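What follows is a single structure, written as structure tokens, with notes after it.
The values are calculated or read from the model by the stated rules, or taken from the named source; none is laboratory data. These numbers come from a predicted model, not from an experiment. Cβ atoms come from the backbone with ideal geometry, glycine included; neighbour counts cover every protein chain shown.
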Amino acid sequence: MSRQEIYSPEGLRVDGRRWNEIRRLSCKINTHPISCDGSSYLQIGNTKVMTMVHGPIEPKNKSSLLQDRAYLTVNLNIPSFSFFNATTNKKLSKNSKKILELQVSLVNIFQDLIILKNYPRTQIIINTIVLNQDGSLISSIINSISLALIDSGISMYDYISSVNCGLFNSKFPILDLNYLEELDLPFLTIAIIGKSENVSFLLLENNLPLDALEKILAISISGSHRIKDLMDNQVKKSSKLRIKSINEQSIN
Amino acid sequence: MAIENPSKRLFTNGLVVTQKVFVRSRNGDASKVVREHYLRDDIPCLSKGCTYCQNILKPDPEGNFVHFTLSATPLSLEGLAHHYLVLDTNIILHAIDLIESSSIFFDVVIPQTVLEEVRNRSFPIYTRIRSLVRSDEKRFAVFHNDFHQDCYVYRNPSESMNDRNDRAIRQFCQWFQLHLSTYQDKDHYSPIQVVFLCNDRDSREKAKKEGILSKSLFEYIDYFPNANDLKDLIPNYDDEPSNDFSKNKHQITYPEYYSTAKLMGGLKNATLYQGIVNVSPYNFLEGQVSVPNLSKPLLILGRESLNRAFNGDQVVVELLPKEKWKKPSSLIMEDDVVNANDNADDDDSEDNKNNKTISISETERKLLIYEALKTQNADPNSESSVILPTAKVVGIVKRNWRPFVGQISSHSIDLNDLKSNSTKSCFVALMDKSLPKVRIRTRRMKELIGKRIVISIDSWPINSKYPQGHFVRSLGEIESVEAETEALLLEYGVEYKPFSKNVLDCLPKEGHSWKVPQDLNADELIKKRKDLRDRLVCSIDPPGCVDIDDALHARRLPNGNWEVGVHIADVTHFVKPNTPLDAEGASRATSVYLVDKRIDMLPLLLGTDLCSLKPYVDRFSFSVIWELDDDANIINVDYTKSIIKSREAFSYEQAQLRIDDKNNQDELTNGMRALLQLSIKLKQKRLDAGALNLASPEVKVHMDSETYDPSEVEVKKLLATNSLVEEFMLLANISVARKIYSSFEQTAMLRRHGDPPATNFTLLNQMLKVRKNMHISLENSKALADSLDNCVDPKDPYFNTLLRIMSTRCMLAAEYFISGSFSYPEFKHYGLAVDIYTHFTSPIRRYCDVVAHRQLAAAIGYESLDIIHRDKNKMDLIAKNINKRHRNAQFAGRASIEYYVGQVMKNNESSEEGYVIKIFSNGIVVLVPKFGVESLIKLESLGDPNSAVFDEDNFELSFKNKKNVKRTVAVFDRVIVQVKSVFDERTSKRKAELVLV
Ligand SMILES: [Zn+2]
């Protein structure tokens, strides 16, 4: 039994948020301008994820060469120091089934989003490393990749933004779960394209009553839109800064 | 250990984020944990007199706003203005009974810091506080001060967590007072004072310095006019000098418990064991603990080894050296007999004299466990198998303390004391004989003598021979109906309080005028119901039955077969999952039937009206409809939610008369005749399959209709119509069980009855063979049923029934379970001889049936099944609770009959026929069927003990009786006994005493 109330009758969660509040989100793009073509750092609550995108580049070996479009690879690295509680949670070791599965899902999400046919006979490599975990891991990874791709300038249709949402007491949807809440509540992770209602990814690993699904989806979609806006603001802000510094350089 | 990191960052408007950093150690590994912690400014104070907080509300996911509970004009007392109370953790933990009482404590604020401390210290008390907050009756509110940016305090370096929490509570009090004086609506209400109740003197001092009005519990109660009465209810260990029990602090009676670290370590390397203590009902100084790894329980002998453990406590035990291993004692030891002369004011430490500590090394201790295993697995006939490993209690994980019922034991008090009204100590003997007596202090000794009282246990200090408690309330005169009924409800944990407001709020607003809607296309669900109002449905129940669960109909189909319908009250139409009403039903789990009282599982409005399938009105029901051929074979079965209209509610007797009257040839009666014929065939099939027909001495108490004095005891009679209803209910339960199992393979709510272990019958079969040359076969239930039928003594018509009663006692109890916990062959119901079974037909009075209804409704696609009935763990908990409540309800019902039978016998002493059912070297056990009582007759009261000869092989005891005539009694003998009821001084209970004539 947890030592605290997961969602108190007064409407507050373990960390003091209300049901529809997402955690503090901060992000940066172009964190590694030299070593790769696009990079991002994203932090939501205490979950910290970094992504680097290489490409489009010449494929390292011929087997990953496609005539009509680019070949997309995602490498996910979740080191053991990132775990919330390093002693008890060792489920996700490298090359474990779960990681491999996740990599495949990520490839599937992004190959529909990136206009791959613009880059035939090339390869795009996405490397993601998780620095710290405190819930919403998969959504943070998706958001971070989305940002790094935008930074790389690879053409894509729109942002993709993701959030998770749990269900308390088979009744109350709870947005953006932290680690403690994920332990106690059934939840789903969803990824949305741009400001649309197109669901490009939905992951549900626990039992959720079917009649609650609609409610949860509605809240997750509006949550994703909020995250998209936050990321968009950050991208615009940093773009302005970069344009300014380029202008300054050109004047000099 | 926590290190606070005082870095705050403004996040969005009104939300500040900070980090809680602490180091947690688990299994010896330390790990650093960082958690986010959001501080906000939009937490309302919940006072109705506040003008500010109404404007900062945020809706919950369903669009509702939090409800303001605290009154704008709270209580004022002489010397104390209108005030809100803020409670400290120690007050809640120690005086929860007082807090719950209806006379004091209104408009109370519980800071989150306190609530969390309470939750960590005692989860049951936490739930009690939460239900007080929920019920709104006493206007309790929780304020989340740790999430409020003006109330949150950082922990200073070198400050303990406790001190930090105390400071947080004081910070809240200060803020709250300031908030009230700023924002309170002063035009309409007089100012409100915040009063901080705290029993810690140090904390009160600090509060005073910070300008907070703080009081101890005693000081606060002193403001009330009836302060003296209230003080009795205050538990026994705050810092008031008048309440100091332990004068002799240096005297140590009990060994100290091990430290937590030592306990954890010991459990980990398997030198210590954890389990639940089971104290013998015959010997309060002998307990057993079942631990994993050992097939038989460990024995715990003596006061010192039990070391303050209560029956049912979860404890940690350590094995004793081998020379201390013993046989279980065969003595009967009762607390008051052994320690009758203890003075309630003294603490003697005589047990301590021969307390030599024996030290054994770790390795020896590990060897000991192998010895213990070896001893337990030894050949059952060898001497060593009789010796059991013994252990002592070295730590208590969880106390099984609850309110206990007892009475002041008369020899613990000085009659001269009764004259004065000062506080006196006395012992309370508890009704449960396996528990020690409890010392309480009270001013009201004079009133309380001869009463049944409820007490609460506060603590059991190391230097006190007995646990210390305090008086909670009086139930009334011993032996009075009210007191005894309430006492047995409390003892068996039956919830009998009236339903709370939030439960009643879940009932239909229309109340008794609720009707089945006229428009059958009103909504999607009602469209799915089948209109069965044209069927000639009737109900058959015991006379005077008001909660009619079931009704039946039968009609001939054009193809010559029968359409038979069983219609069950549609309780789940009104009881929806995740409502307070459902939670209450799930926790009560069953209605409890006492001789003169019924404690309902669901509110009366549902049970006796809206759900009850009363005649002449439309009702919602859940129907199982079969097509049966003339031989009662099932051709087809259909399940549907429906609307019915019962034509008549019969009693068993009325139904029987109607069927027997040949002149009645109307359709309804003919339908009933058909049902009767079909039920006879169903029963025959069941018996052919091996269903058992066992008996228990069920008795019924007749009440004098005018005075309600119990006047006569009668053994229950059965009519053919009883079995008519029973057969169709069984058929419905079986059909439903199959259906829900096919839809919910893992979580279907079912009921099983295991095969009785052959060893249970060994003794009975030996007795049968020697005395009657008969035998009970155990190959399967069919063989058992047949062999029971054959055990007939032509000279004694009652013998067969007696044997069935005795066989029943050798059986296992049936239990509820979740289909995922057993494999299909283990679903079997032995007594009914069916492969699968559940309870579906009494949803008004059993919660299992409610679950079965929901699962069946989902299985037929009527509505979706709530997640809690699809979650295996949650369903397991539900099944466990139902089993426990069901058992307790049976015990309570039996105890109630026992009490009334005692009252009947008090008035008429008589000679009755009895049967010897057990025989010992020093006495016999006789059962009197007329009263359903049995009792031991000791050899001393039979005659000369020295002349007795006990023939163990022939189950015979011969002795010279009081008239010096030789007499022999054997098991199964019919004897005449004088039955009288005697009052047992110690337990203050009546019990039957038998004397052989
Ligand atoms: Zn306010």
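Annotation: B:Leu942 fulfils all but one of (1) among the hydrophobic types (A, V, I, L, M, F, W, C); (2) out of contact with any helix residue (DSSP H, G or I) (no Cβ under 7 Å at 6 or more places or on another chain); (3) surrounded by fewer than 19 Cβ atoms within 10 Å (Cβ to Cβ); the unmet one is (3). Looking at B:Ile92, is it surrounded by 19 or more Cβ atoms within 10 Å (Cβ to Cβ), β-branched (Val, Ile, Thr) and more than 16 Å from the ligand (Cβ to nearest atom)? For B:Ile92, the condition - surrounded by 19 or more Cβ atoms within 10 Å (Cβ to Cβ), β-branched (Val, Ile, Thr) and more than 16 Å from the ligand (Cβ to nearest atom) - is met. As a summary of the residue check, A:Lys171 satisfies the conditions (1) within 13 Å of chain B (Cβ to nearest Cβ); (2) more than 19 Å from A:Trp19 (Cα to Cα) except for the one numbered (2). With the condition kept exactly as written, say whether any residue in segment B:78-87 is within 28 Å of A:Phe168 (Cα to Cα), within 16 Å of the ligand (Cβ to nearest atom) and assigned to a loop (DSSP other than H, G, I, E, B). No: zero hits.
Taken over segment B:99-116, the criterion of being within 11 Å of chain A (Cβ to nearest Cβ) and surrounded by fewer than 21 Cβ atoms within 10 Å (Cβ to Cβ) is satisfied by B:Glu116 alone.
Starting from residues that are in a strand (DSSP E or B) and charged (D, E, K, R), keep the ones in segment A:1-37 and report whichever is farthest from the other protein chains (Cβ to nearest Cβ).
Of the residues in segment A:1-37, the ones in a strand (DSSP E or B) are A:7, A:13, A:25-29.
Remaining after also requiring charged (D, E, K, R): A:13, A:28.
Values: A:Arg13: 9, A:Lys28: 16 Å.
Within segment A:1-37, the match that is farthest from the other protein chains (Cβ to nearest Cβ) is A:Lys28.
When the criteria are applied in full, B:Leu70 fails the requirement of being more than 16 Å from the ligand (Cβ to nearest atom), assigned by TED's automatic domain parsing to the domain that holds B:Thr182 and farther than 25 Å from A:Asn169 by Cβ.
Every residue, every condition in (1) of a type outside the set (Gly, Ala, Ser); (2) touching a helix residue (DSSP H, G or I) at 6+ places or on another chain (Cβ under 8 Å); (3) outside the structural domain of B:Ala569 (by TED's automatic domain parsing), yes or no:
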{"site": "B:Lys795", "(1), (2), (3)": "yes, no, yes"}
{"site": "B:Met806", "(1), (2), (3)": "yes, yes, yes"}
{"site": "B:Ile818", "(1), (2), (3)": "yes, yes, yes"}
{"site": "B:Phe840", "(1), (2), (3)": "yes, yes, no"}
{"site": "B:Arg854", "(1), (2), (3)": "yes, yes, no"}
{"site": "B:Ala859", "(1), (2), (3)": "no, yes, no"}
{"site": "B:Lys874", "(1), (2), (3)": "yes, yes, no"}
{"site": "B:Lys884", "(1), (2), (3)": "yes, no, no"}
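Of the strands (runs of 3 or more DSSP E) lying entirely inside segment A:146-252, those containing at least 3 residues that are closer than 27 Å to A:Ile115 by Cβ are A:160-168, A:187-193, A:199-204. Screening the candidates B:Ile110, B:Ile104 for the property of being within 20 Å of B:Asn226 (Cβ to Cβ), assigned by TED's automatic domain parsing to the domain that holds B:Ser181 and in contact (Cβ under 8 Å) with a residue 12 or more places away in the chain yields one hit, B:Ile104. Within segment B:842-880, being surrounded by fewer than 17 Cβ atoms within 10 Å (Cβ to Cβ) and among the polar types (S, T, N, Q) holds for B:Ser864, B:Asn873.
Evaluation of A:Asn233 against the conditions (1) more than 14 Å from every other protein chain (Cβ to nearest Cβ); (2) more than 28 Å from A:Val14 (Cα to Cα) shows that the sole unmet condition is (1).
Every condition in (1) under 27 Å from B:Val33 (Cα atoms); (2) within 14 Å of another protein chain (Cβ to nearest Cβ); (3) surrounded by fewer than 24 Cβ atoms within 10 Å (Cβ to Cβ) holds for A:Leu137 except the one numbered (2).
Quick check, is B:Asn64 more than 16 Å from the ligand (Cβ to nearest atom), modelled with pLDDT of 85 or more and surrounded by 18 or more Cβ atoms within 10 Å (Cβ to Cβ)? In short, no.
Give, as residue ranges, the strands (runs of 3 or more DSSP E) completely inside segment B:430-480 that count at least 3 residues that are touching a helix residue (DSSP H, G or I) at 6+ places or on another chain (Cβ under 7 Å). Walk me through how you get there before you give the answer.
Values: elements: B:438-442, B:451-459, B:468-477.
Filter on segment B:430-480 gives B:451-459, B:468-477.
Remark: B:Ile462 matches the filter, which requires a residue to be surrounded by fewer than 18 Cβ atoms within 10 Å (Cβ to Cβ) and under 24 Å from B:Leu285 (Cα atoms). Pairs linking a residue in segment B:37-52 that is within 14 Å of another protein chain (Cβ to nearest Cβ) to a residue that is within 8 Å of the ligand (Cβ to nearest atom), with Cβ atoms under 6 Å and 6 or more positions apart or on different chains, are B:Pro44/B:Cys53; B:Cys45/B:Cys53; B:Cys45/B:His179. Filter segment B:821-871 down to residues that are closer than 24 Å to B:Thr608 by Cα and among the charged types (D, E, K, R) and give me whichever is nearest to the other protein chains (Cβ to nearest Cβ). That would be B:Arg854. Figure legend. Inter-residue proximity from segment A:21-38: first residues over 20 Å from A:Asp229 (Cβ atoms), second residues among the polar types (S, T, N, Q), beta-carbon distance below 6 Å, spacing 6+ or different chains. Indicated pairs: A:Thr31/A:Ser39; A:His32/A:Ser39; A:Asp37/A:Ser152; A:Gly38/A:Ser152. Which one of these does A:Leu204 not meet: (1) more than 14 Å from chain B (Cβ to nearest Cβ); (2) free of Cβ contacts under 8 Å to residues at least 60 places away in the same chain; (3) surrounded by fewer than 18 Cβ atoms within 10 Å (Cβ to Cβ); (4) in contact with a strand residue (DSSP E or B) (Cβ under 7 Å, 6 or more places away or on another chain)? Evaluating A:Leu204 over (1) more than 14 Å from chain B (Cβ to nearest Cβ); (2) free of Cβ contacts under 8 Å to residues at least 60 places away in the same chain; (3) surrounded by fewer than 18 Cβ atoms within 10 Å (Cβ to Cβ); (4) in contact with a strand residue (DSSP E or B) (Cβ under 7 Å, 6 or more places away or on another chain) leaves (1) as the failure. Annotation: A:Ala191 fulfils all but one of (1) within 14 Å of another protein chain (Cβ to nearest Cβ); (2) in contact with a helix residue (DSSP H, G or I) (Cβ under 9 Å, 6 or more places away or on another chain); the unmet one is (1).
Applying the condition of being assigned to a loop (DSSP other than H, G, I, E, B) and within 6 Å of the ligand (Cβ to nearest atom) to segment B:45-58 and asking which residue is nearest to B:Leu85 (Cα to Cα) yields B:Cys45.
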